[in-house]
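Peer 1: For reference, the structure I am asking about is given below.
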Amino acid sequence: MNATTNTSGRVSRRAFLKFAAFTGAGITLGRCLRDYALQHEVFRQRWGEGPGLETFTLSICRQCPAGCGLRVRLVDGDAKKLDGNPLCPLARGTTCPKGQAGLQALYNPDRLLGPVKRVGPRGSGRWQRIRWNDALAEVQSKLSALRTAGHPQALAWIAERDDATQGQLIRRWMHAYGSPHLFEFVDTRDAAARAAMKLCQGVDEFPAYDLEHAHYILSFGTPVLEAWLSPTWLARQYGRLHRGRADYRGRFVQIEARLSPTAVKADEWIPVNPGTETALALALAHVLIREDLYDRALVADHTTGFDGDDGFRALVLRDYAPDDVAQRTGVPATTILRLARELATNKPAVALGEQVPLSGGVVLAWAVHALNALNGMVDRAGGVLTQRALPLKPLAETTLPGGAPAAPAALTELLAGGTVEALFVSSSRCCAVAPEGGKLFAAAEKVPFIVSFSSALDDSAAFADLILPDHAPLEKWQDAAPLPVHGRPVWAVSAPALEPLLDTRHIGEVVLELGRSLGAFPWKDFPAVLRFVAAGLFEARRGGPFSTSYETAWTNQLETGGWWIPSAKTFDEFWEQVLKAGGWFDPIYTYEQWPRVLRTASGKLELGGPPKIQQPWIGDEREFPLKLHVFTTLTTGGLNDPNQPFLQETLGPHVHARWEDWVELNPQTAQRLGIANGDGVWLESPLGKARLRAYVFAGAQPDVASVLIGHAHRAGGAFVQRTARGVADLVAYRTDATGAPLAATTRVRITKATGGP
Amino acid sequence: MKRSWPLRPIVLSLVLSGHARAEEPAPLPEDPMAGARLFQQKGCVRCHAVGEEETKLGPNLARIHRRGSLLDVAGAMWNHAPMMHAKMAELYIAPPQLASQEMANLIAFLTAYQYYLTQVGQPGNPDRGRAVFAAKNCAKCHSLEREADFEKVGPSLRGYARLSPIQIAQAMWNHGPAMAEEFRKLNLAQPNLAGTEMTDLLAYLQRAAGPTDAEPVYVEPGSPNRGRLLFDQKGCVRCHAIRGVGGLPEVPDLGKRREELVRSVTEVAGFMWNHGVAMWDKMRARQVPAVKFAGNEMADIIAYLYFINYFDKPGDAAHGQTLFTQKGCARCHAVTPGAAPVGPNLGTSSLVGSPIDIITAMWNHAKAMEPVMRVQGIPWPKFEPGEMTDLIEFIYALHAPPRVAAPARATTERTTHEVK
């Protein structure tokens, strides 16, 4: 008797389910195999059959938000090698490992062939290829329905913060559509630093750092040589600090809870208890004031809130004596004294207080900013600067109603509230590093219509209803306006290095098409928008196309004297020059322009601090004896597409970690817990547990578990570590006034896992 | 044999104004910035940094403080040739060969860089500027705090901060006569700006009076040739002689005020400001309208003043002959027909054209000359300022026929020979 039928010939429930499951799996597998085969065929056909003609063109690296310029080597039109654009003022011919690996983002075997629509339950992984027209019609239909119903605000969009044209276009489109719910994330900058700039200087922008002129850098946990600002630019500044000047060798001190790669390369590493950096910064301020080492003139002329019974001076002299702070931070009082004296006597000296991907908090950012002010290093050579405006021509205002972009911290709340009926996701990076990330995914489940623009099945795309895959960066017209780095405006722009390999579409073109139905955009295509915004640079009559270091220095020198020589007579000529060079740059920064950089009501730098919120650690100390310290690495920070084996191979070279999440444990702690190097362990917090590999590392502090965050994902390609519960899910979500999730919040315990890693 | 100094249409062209003169002044570089590009193309930037570039093998151009004429700069280039060749040999870099026009462009750039741009790049001291602002009674008439202050006679200075220093200096110049009148009414002494006071004052204005978001406004560097035309058109030449040409006897000859004019633009502007007070009085007495500048005119005028001594006066051939022997040139180069030592005969060589041609030929053959000299134990000849001029005058004297003007474009261009 056939096992699938009974004697009456009726199909049993069990048999039906088996049949359905096998059929479904077969169809899905068949579709996947077909898709893979097609995709590999696409890549294979391009190689090895041409005359071997070598050419070079320029592009922009979008592996992280830095936007460094690239030089692409092509053979018969196929991209073969990526190097830095020698004219780009950030890259200067270099790339970081992420930039080198950019080809693997282009030739990612898990890229989608074209737009797809979900055909199974959400998250089931069953998709159907559809035509672009049908996909866009479906989106238009949904958007029209929302607007007709008077609910345009029911649309939300999650994007990476992008001040260049694509980002502006999305902002403008959301404005035109009528939704204020645009959430822009960036995980290579600390939102608290921006809040401190607003608090102290009235400037709503991230600070910039004049590291090029600094002689002394004191970092409070800032991953200077990992995933912060522009890695290529920072690496050059690090080199310049030590060897760039014939007459001076600078010094770099890293204060951090673990011996990170940045700390390894620093001249000195100061271990500190996690979450106590604020106290240490204020203790240094205490010494500067007590020993009269602070910049009296700057404090008197350009700050307020220093004097008085509740002023800054009284606060730090009362509460932050080195002996007291030494107890809290674990940093000896003699070291605190020495650091303060070094800071004051090795000017230009700058203190850095940004922590990423999770924030050190606005109190730390404020304390470090105040320390810089006290040391006379605000808006001075080698200090903290205020970004000069990039004179791109703004996209035209529309007459349609709209609102300002919302604060990112409200995203989970908004989605959980059930009022969002359509969600667009153009960057899933926030899903990887958001603490208690499970809540975000659970909240997103309530959204009836999710559209992803990912080029592969990543965290957001896997749970979307419709995927409209964007081109790979090398395939598209693009520009980049890096977040403040050194204070000078930079704009990178590039034409496609090669034709799109797959049936993908530029997200900017999609937005333009959606905007046409609103009557919002007059441009025929994305390059036309780029030309439009670039007209602002031409009309600004300053700066010029990317150029050699000599020409840049020459332009700087001319502008310092009030001179400027135009590179082109017409805009068309200018546009050609900018495209050929890869971008535009204005190298000058005029220091001490107080009316520009101090925009508070008082016109002074306000030293009155933010309210200090006591953030107790989550988890009972007896049950969870270790403090959780999270970090990211050079190869994962800001990375949008983790499906790149080069980067997976080089995750943590300092402990030889590859491919998977890990925890760093101090040898004493590891011995106490009975854990050996390489063991599989369970990391448990009050929020759950995850399995990791343990590395016993002398650079880890006792009773601190240092863990990589943002690496493992819920979904992804063949080279991605996939997990239902990652490290981010174990970190308690705590914020301060900025809404940025804090780093030092959670206690954990570690137990050895049985059965091997 | 080429006897006259050839025209260099772009770099060395002489543009005559409509103002008739008995003798024509020296030629001026048309575009000193052309040499900036050449400095890169010829690989000079591989060893010499400019401005804030990272330290390189050779000295930063901004640190080379040498004042002199075209041939003095050429002499300095010549002097550094052996060291340069040695370093370049270490790096396997071929020494740059230059055409005459390239040499002219390069020297014009080095002169401009030295005298015109680098010194402008040195910002004034705003704290000292604040003291100047108070001491010179500027605050009595001008407000820095508000956009409009009706209690002050003069305009608010807010908004001026975004302007280029030369634009501010031009605005000061233009309002000078009215200000002088106002000072007289208030019984205040006319403010004189000494040394770097003008630079400091402008730095203070830029710092103290800056609007919140305004970006600076730049101007294009002045053109010496446009400046010369303006010098005529504005009537400056009626009072000021240039090397004895034009002007009034009691008014200073600007061709002889090198020390005051080869300074930063803002210092020259201060110099002009100081003499403006006396000048306006005289012009008023003669019922001549005060000179005012618009657009880029003041930059052009100052560029012209920088370069009026760019080309050298005729050298001393007799001293040149002495140098020819002292420096060891005579050991390799004959100057009489028939003699044929190591190098070419300078009395018959076709390489002897304009001074630029001569120094270009010297530069290009230096690489080959150096090992020969080393073998013969002759030290590398080095030239002090003025010596190159005399040497070249001697070489010219070897060529008997008189120098003649180039026939082409005779109404608008002259050779440097004619100038002599």
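Peer 1: Conditions first: (1) surrounded by 15 or more Cβ atoms within 10 Å (Cβ to Cβ); (2) at pLDDT 85 or above; (3) closer than 22 Å to residue B:157 by Cα. Residue B:120 passes all but one, so which condition is the exception?
Peer 2: Of the numbered conditions (1) surrounded by 15 or more Cβ atoms within 10 Å (Cβ to Cβ); (2) at pLDDT 85 or above; (3) closer than 22 Å to residue B:157 by Cα, the odd one out for residue B:120 is (2).
Peer 1: Looking at segment B:367-401, which of its residues are open to solvent by 50 Å² or more (accessible area, probe 1.4 Å) and assigned to a helix (DSSP H, G or I)?
Peer 2: B:367, B:368, B:371, B:372, B:374, B:375, B:376, B:397
Peer 1: Would you pick out the residues in segment B:249-293 that are within 14 Å of chain A (Cβ to nearest Cβ) and in a helix (DSSP H, G or I)? Spell out the reasoning first.
Peer 2: Looking only at segment B:249-293, we keep the residues that are within 14 Å of chain A (Cβ to nearest Cβ), and these are B:263-269.
If the condition is that a residue be within 14 Å of chain A (Cβ to nearest Cβ) and in a helix (DSSP H, G or I), then B:265, B:266, B:267, B:268, B:269 are the ones that fit.
Peer 1: Additional query: Does segment B:226-247 include one or more residues that are aliphatic (A, V, I, L, M), open to solvent by less than 20 Å² (accessible area, probe 1.4 Å) and within 14 Å of chain A (Cβ to nearest Cβ)?
Peer 2: no
Peer 1: So, one more: Starting from residues that are in contact (Cβ under 8 Å) with a residue 24 or more places away in the chain and surrounded by fewer than 20 Cβ atoms within 10 Å (Cβ to Cβ), keep the ones in segment A:616-636 and report whichever is farthest from the other protein chains (Cβ to nearest Cβ). Spell out how you get there, then give the answer.
Peer 2: First, the residues of segment A:616-636 that are in contact (Cβ under 8 Å) with a residue 24 or more places away in the chain: A:617-621, A:623-636.
If we keep only those that are surrounded by fewer than 20 Cβ atoms within 10 Å (Cβ to Cβ) as well, we get A:617-618, A:620-621, A:623, A:625.
Values: A:617: 43, A:618: 43, A:620: 51, A:621: 50, A:623: 54, A:625: 49 Å.
Of everything passing the filter in segment A:616-636, A:623 is farthest from the other protein chains (Cβ to nearest Cβ).
Peer 1: Another question, then. Here's a check for you: in segment B:176-199, which residue that is under 30 Å from residue A:558 (Cα atoms) and surrounded by 15 or more Cβ atoms within 10 Å (Cβ to Cβ) is nearest to the other protein chains (Cβ to nearest Cβ)?
Peer 2: Top of the filtered list is B:199.
Peer 1: Among the residues that make up segment B:93-113, is at least one of them within 14 Å of chain A (Cβ to nearest Cβ) and either under 30 Å from residue A:596 (Cα atoms) or at pLDDT below 80 (or both)?
Peer 2: The answer is yes, given that some residue of segment B:93-113 is within 14 Å of chain A (Cβ to nearest Cβ) and either under 30 Å from residue A:596 (Cα atoms) or at pLDDT below 80 (or both).
Peer 1: Between a first residue in segment A:519-544 that is under 30 Å from residue B:216 (Cα atoms) and open to solvent by less than 30 Å² (accessible area, probe 1.4 Å) and a second residue that is assigned to a helix (DSSP H, G or I) and among the acidic types (Asp, Glu), which pairs have beta carbons less than 9 Å apart while being 6 or more apart in sequence or on different chains?
Peer 2: Sorted first by the residue in segment A:519-544, then by its partner, the pairs are A:542/A:559; A:543/A:559; A:544/A:551.
Peer 1: Related question: Only residues that are hydrophobic (A, V, I, L, M, F, W, C) and open to solvent by less than 10 Å² (accessible area, probe 1.4 Å): list them for segment A:700-719, please. Break it down into steps so the answer makes sense when it comes.
Peer 2: Narrowing segment A:700-719 to residues hydrophobic (A, V, I, L, M, F, W, C): A:700, A:704-705, A:707-709, A:712, A:715, A:718-719.
Hits for segment A:700-719 are A:700, A:704, A:705, A:707, A:708, A:709.
Peer 1: Follow-up. Could you figure out which of (1) buried (at least 23 other Cβ atoms within 10 Å of the Cβ); (2) not assigned by TED's automatic domain parsing to the domain that holds residue A:425 isn't true of residue A:166?
Peer 2: (2)
Peer 1: Does residue B:160 satisfy the condition of being more than 23 Å from residue A:541 (Cβ to Cβ) and within 14 Å of chain A (Cβ to nearest Cβ)?
Peer 2: no
Peer 1: Only one of these conditions is not met by residue B:205: (1) buried (at least 18 other Cβ atoms within 10 Å of the Cβ); (2) more than 14 Å from chain A (Cβ to nearest Cβ); (3) assigned to a helix (DSSP H, G or I). Which number is it?
Peer 2: Going through (1) buried (at least 18 other Cβ atoms within 10 Å of the Cβ); (2) more than 14 Å from chain A (Cβ to nearest Cβ); (3) assigned to a helix (DSSP H, G or I) one by one, residue B:205 breaks only (2).
Peer 1: Can I ask one more? Find the helices (runs of 4 or more DSSP H) located wholly in segment A:501-615 whose residues include 1 or more that are within 14 Å of chain B (Cβ to nearest Cβ), and list them.
Peer 2: Numbers: elements: A:507-516, A:526-540, A:549-560, A:571-581, A:594-597.
Here the list reads A:526-540, A:549-560, A:571-581, A:594-597.
Peer 1: Right, next: Here is a list of conditions, (1) in a helix (DSSP H, G or I); (2) within 14 Å of chain A (Cβ to nearest Cβ), and residue B:216 meets all of them except one; can you say which number that is?
Peer 2: Going through (1) in a helix (DSSP H, G or I); (2) within 14 Å of chain A (Cβ to nearest Cβ) one by one, residue B:216 breaks only (1).
Peer 1: Also, quick follow-up: When you scan segment A:639-757 for strands (runs of 3 or more DSSP E) that lie fully inside it, which ones turn up with 1 or more residues that are more than 30 Å from residue A:610 (Cα to Cα) and free of Cβ contacts under 8 Å to residues at least 40 places away in the same chain? Walk me through it before giving the result.
Peer 2: Working: elements: A:662-665, A:680-685, A:688-696, A:704-708, A:747-752.
Where strands (runs of 3 or more DSSP E) fall fully within segment A:639-757 and carry at least 1 residues being more than 30 Å from residue A:610 (Cα to Cα) and free of Cβ contacts under 8 Å to residues at least 40 places away in the same chain, they are A:688-696.
Peer 1: State whether one or more residues within segment A:203-212 are more than 14 Å from chain B (Cβ to nearest Cβ), open to solvent by 40 Å² or more (accessible area, probe 1.4 Å) and in contact (Cβ under 8 Å) with a residue 40 or more places away in the chain. Spell out how you get there, then give the answer.
Peer 2: In the first step, residues of segment A:203-212 are kept if they are more than 14 Å from chain B (Cβ to nearest Cβ); the result is A:206-209.
From what is left, the residues that are open to solvent by 40 Å² or more (accessible area, probe 1.4 Å) are none.
No, that holds for no residue.
Peer 1: When you look at residue B:238, is it without any contact (Cβ under 8 Å) to a residue 12 or more places away in the chain and touching a Leu at 6+ places or on another chain (Cβ under 9 Å), yes or no?
Peer 2: Details: without any contact (Cβ under 8 Å) to a residue 12 or more places away in the chain: yes; touching a Leu at 6+ places or on another chain (Cβ under 9 Å): yes.
Yes: the conditions hold for residue B:238.
The values are calculated or read from the model by the stated rules, or taken from the named source; none is laboratory data. None of the values given here were measured: they were computed from a predicted structure. Positions of Cβ are backbone-derived with ideal geometry, glycine not excepted, and every protein chain shown enters the neighbour counts. Heavy atoms of the whole protein, side chains included, go into the accessibility calculation; ligands, DNA and RNA do not. Shrake-Rupley method; radii C 1.70, N 1.55, O 1.52, S 1.80 Å.
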